[in-house]
Amino acid sequence: MSMFPSQSPDILTGFLTDRLSLTHSVSLDNPLVRMENAVPTDTLEPTDTTQERMALVDGSPTPGPPPEAYLTALPESIADIWFNIIHILPRSIVLGNILTTVVRQIDVYNAYLYEPHDLEAFINNAGAGTSITDLPSLPYSIPPQESLLLTLEVTPDGAPTINTTLDFDTDEPYLLSIPIQGTRIVMFPFEPEAPLTERLIFLTDVLEAIDGTEQRVSLRKAPRQEWTMKLVREDGPERQKIDMLAFDWTSRVFGIPVWTEPSYVTGAVTAGATSVNVDDTTLADYRADGLAIVFETEDKFDALEIQSVGPTTINFKTPILNDYAVGTRVMPLRTCITSVPIKERKYAVNLAEFEIVMRVLDNDVDLGSTSGWPTFGGKVLLSDPNAIEQTLDGDISRQITVIDGDTGKLSQASTWNRSRHGSAKTFITRTRSALWSVRKLLHAFRGRQVSFYLPTFTKDVSLSTTYLSGASALTIVNIGYTRYAKQRTPKVNIRIVLKNGTTFERNITNSSEVSPTVEQLTISATIGQNITPADVERIEFYEKVRIDNDEITIEHRSSNGEAKIGFPVKVVLE
């Protein structure tokens, strides 16, 4: 049924015309075009007939004069922007760091509907090392609505920096230009001596309240990474290559293999292959669109861009140039700069030693993971043995304000209600998988930001008498716990370690002094066995701590995962 059963088409048309004139003037030839933001018109005054029609249609009161209406021009359509022009794609080429041959496709598209057009010249402003490998004889006619696909190849040989345009001249009066940018990298394939020192440098903003509690904000997505490498070479061509490279390139970007994360080829590799099969890729930081190196010697290697990575396969974007035997190393490749001057020592026996500090530029992946580590109270618990080579140094600190006028008595006070214990944590790893697990953990801790639990690994409490199965308290030697600790963190979480290796984790909920020599500690849950003082290896506290330095050092002793990682820790008051 019609919404206007009693009205003629003329009345309906008049209604629509006047109704629309009250809001936006429209073209009745194309009612979808709104006509705004142009010159006002004075030809739209309503007539009495129009007002009568509106009253007849909807019974509404007679409207007043309409607002001013505006005319406008139609906006450009996609057809105006695209057709009858010659396009070049992509609009720009950003190559980043160029360590190996890089290939990109360029599309010269004739968007004219009916006319062919000529590509007359190619102007290579990027110079040597940059070329179009399949450029046809010019001039070349491009039919209407068709593309000319060209292959751009950029090699590592050429100017260190590319920041210019590639220009294509056609029979049209305009020049087609593609901005191109990139930085060429030189390989630094010299294998260092052990140990190789690595530093992970986080950045954390620690906001400390007056009572010692704190909030921590990580300011970097991933830590900066530095390697300190020592090279020992005989006084001959090997030393001379390093000397020449350092002479010319120290202000520029190097490609450095990650010597500590090798994979090993499991099948012979022939030149022209675009993939390699290796024993394992999961314990190294290979990245799609990143770089890798197939390395045999300092004079025979392939640096390649990674297409994709599988558990035992690495696929590359360009072919491998050399043949390689089973057992050849494949490693991630990083772009680096020398952050400090290269140190050189020459010996009287035709030997030279170089010490080079390299700062990684492309360490922008967060490897953080706490998978596989035990937890306590919702935090990671590092209950593995703490490695000590000589001593485990620490401190007990408290913020203290001293009032001293230099001429009379002095006094001091603190806004903290307890002291904070500082200590250290050291890992000694023997395998690649153990080292990789620690590396991911360090990324998850993000330097000083994330807290975790760490045992003190010392005899903090001594059992005085036998604990009877099901008892609610431990009887301990009086150490002043009730008087001084008063169930305050971090002196509330304990681990009872028996000589047979059994452990029990409990919280102290209350304490009382029984005599000058004995105290009782009420525990959160009973233990289902008797424990004599002779059974106990130690009773230690769990402390909630954080790393107390945003710079963490990894001393790599071999490429098999043998490493030492140590850092200071400090108790947090949360």
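Quick notes
- Restricted to strands (runs of 3 or more DSSP E) entirely inside segment 373-435, those with at least 3 residues that are more than 22 Å from PRO568 (Cα to Cα) are 401-404, 410-413.
- Test for ILE81: is it among the β-branched types (Val, Ile, Thr) and in a strand (DSSP E or B): no
- Listed by first and then second residue, the pairs linking a residue in segment 476-488 that is loosely packed, with under 15 Cβ neighbours inside 10 Å to a residue that is at pLDDT below 95 and of a type outside the set (Val, Ile, Thr), with Cβ atoms under 6 Å apart and 6 or more places separating them unless they lie on different chains, are ARG488/ARG418.
- Filter pass, VAL514 being assigned to a strand (DSSP E or B) and surrounded by fewer than 19 Cβ atoms within 10 Å (Cβ to Cβ): yes
- THR489 farther than 28 Å from GLN390 by Cα, at pLDDT 95 or above and of a type in the set (Ser, Thr, Tyr): no
Yes/no matrix, rows are residues, columns are (1) modelled with pLDDT of 90 or more; (2) within 30 Å of ARG557 (Cβ to Cβ); (3) over 27 Å from the mean Cα position of the chain (by Cα):
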residue	(1), (2), (3)
THR165	yes, no, yes
ILE178	yes, no, yes
GLU193	yes, yes, yes
LEU203	yes, yes, no
GLY212	no, no, yes
SER218	yes, yes, no
TRP227	yes, yes, no
ALA246	no, yes, yes
SER251	no, no, no
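- Scope segment 229-248; condition of a type in the set (Lys, Arg) and either surrounded by 16 or more Cβ atoms within 10 Å (Cβ to Cβ) or assigned to a strand (DSSP E or B) (or both); matching residues: LYS230, ARG233, ARG239
- Among the residues of segment 121-137, just one is among the small types (Gly, Ala, Ser), assigned to a strand (DSSP E or B) and within 20 Å of LEU95 (Cα to Cα), namely SER131.
- Counting only residues that are polar (S, T, N, Q) and assigned to a loop (DSSP other than H, G, I, E, B), segment 333-369 holds 4 of them.
- Meets criteria (over 23 Å from the mean Cα position of the chain (by Cα) and within 21 Å of TRP436 (Cα to Cα)) for TYR264: yes
The values are calculated or read from the model by the stated rules, or taken from the named source; none is laboratory data. Computed from a predicted model, the values in this text were never measured in an experiment. Note that we place each Cβ from the backbone using ideal geometry, even for glycine, and neighbour counts take in every protein chain shown.
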